[in-house]
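The structure under discussion appears below in the form of structure tokens.
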Amino acid sequence: MKSELPRRPIVILISGRGSNMRALIEQSRRPGSAYSVCRVFSDRPDAAGLEIAGNLGIPAQALAAAEGTDRSAYDRALAAAIGECSPSLIVLAGFMRILSAQFVTDFAGKILNIHPSLLPKFPGLHTHRRALEAHEPEHGATVHFVTERLDGGPPVIQARVAVSADDDEASLAARVQAQEHRIYPLAVRWFCEGRLRYGDGHAWLDGRLLREPVLFTGAEP
């Protein structure tokens, strides 16, 4: 009988309620999962996701920036805390702080983020509102590697949803988020299985350069 490979440890960073965090934790507990969540960190002590993680049995810790602490000092403290876990991957799940260039360099190729738009469209905030204002026929989410450029790292996988005439921000966000919960655990699994990697400024899947992100259709590539 073929034995299971060891699960690779990941760390999740959150700032809010952590819905993607929950999806990642739940997927990690399925038979044959390639990863385990070893710790959750939040930059906000009042983040609802901290309690959720704790209730799910995952060690969770707030690491808030003291008043007057600059970004580089905070990131050094965050990097030290993460380093104690020796994770294979850092997963940003609604983490709202912009990471310093040094932090990104220190963990180059080992940080994934999910963004609620079809990048390169609508980097930054308020993506659902902007998609509606632009009368986009479709919207969605993108998993990408993190680089120094905000929401500009190489994309890995996208999920798309049609925009309805009666959509508002809340209804559109709900449908996008449902897709996020499907594609983020998939991308993390690919990385932890050794199928996905970052190299030469690009994302690679199964040894193939991803010139465009994988389009999620419901069937696993």
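The values are calculated or read from the model by the stated rules, or taken from the named source; none is laboratory data. Keep in mind the model is a prediction, meaning the values are calculated, not measured. For neighbour counting, all protein chains shown are included, and Cβ atoms are generated from backbone atoms with ideal geometry for every residue, glycine included. Heavy atoms of the whole protein, side chains included, go into the accessibility calculation; ligands, DNA and RNA do not. Shrake-Rupley method; radii C 1.70, N 1.55, O 1.52, S 1.80 Å.
Things to note:
- Residues that are over 13 Å from HIS144 (Cβ atoms), out of contact with any strand residue (DSSP E or B) (no Cβ under 7 Å at 6 or more places or on another chain) and open to solvent by 40 Å² or more (accessible area, probe 1.4 Å), drawn from the stretch 172-217: ALA174, GLN177, ALA178, HIS181, GLU193, GLY194, ASP200, ASP206, GLY207, ARG208, ARG211, THR217
- Residue in the stretch 178-197 that is nearest to ILE12 (Cα to Cα), counting only those that are of a type in the set (Phe, Trp, Tyr) and out of contact with any helix residue (DSSP H, G or I) (no Cβ under 9 Å at 6 or more places or on another chain): PHE191
- Pair list, Cβ under 6 Å, 6 or more apart: the stretch 19-42 residue over 20 Å from ARG175 (Cα atoms), other residue among the acidic types (Asp, Glu): ALA34/GLU193
- Given (1) surrounded by fewer than 23 Cβ atoms within 10 Å (Cβ to Cβ); (2) in contact with a strand residue (DSSP E or B) (Cβ under 8 Å, 6 or more places away or on another chain); (3) hydrophobic (A, V, I, L, M, F, W, C); (4) assigned to a helix (DSSP H, G or I), index of the condition VAL161 fails: (4)
- In the stretch 119-151, residue most open to solvent (accessible area, probe 1.4 Å) [restricted to those that are closer than 27 Å to GLY194 by Cβ and assigned to a loop (DSSP other than H, G, I, E, B)]: ARG149
- So SER33, is it part of a loop (DSSP other than H, G, I, E, B), open to solvent by less than 60 Å² (accessible area, probe 1.4 Å), within 21 Å of TRP190 (Cβ to Cβ) and not aliphatic (A, V, I, L, M): yes
- Candidates ARG44, ARG22: the one that is in a helix (DSSP H, G or I) and either at pLDDT 95 or above or surrounded by 13 or more Cβ atoms within 10 Å (Cβ to Cβ) (or both) is ARG22.
- Of all residues in the stretch 96-120, those that are farther than 17 Å from ILE10 by Cβ have Cβ atoms under 6 Å from Cβ atoms of residues that are part of a helix (DSSP H, G or I) and at pLDDT 95 or above, 6 or more apart or on another chain, in SER100/ASP75; PRO116/THR127; PRO116/VAL176; SER117/THR127.
- Boolean, TRP190 is among the aromatic types (Phe, Trp, Tyr) and either in a helix (DSSP H, G or I) or closer than 19 Å to PRO137 by Cβ (or both): yes
- Taken over the stretch 66-118, the criterion of being of a type in the set (Val, Ile, Thr), closer than 30 Å to ARG130 by Cα and open to solvent by less than 30 Å² (accessible area, probe 1.4 Å) is satisfied by ILE90, VAL91, VAL104, ILE111, ILE114.
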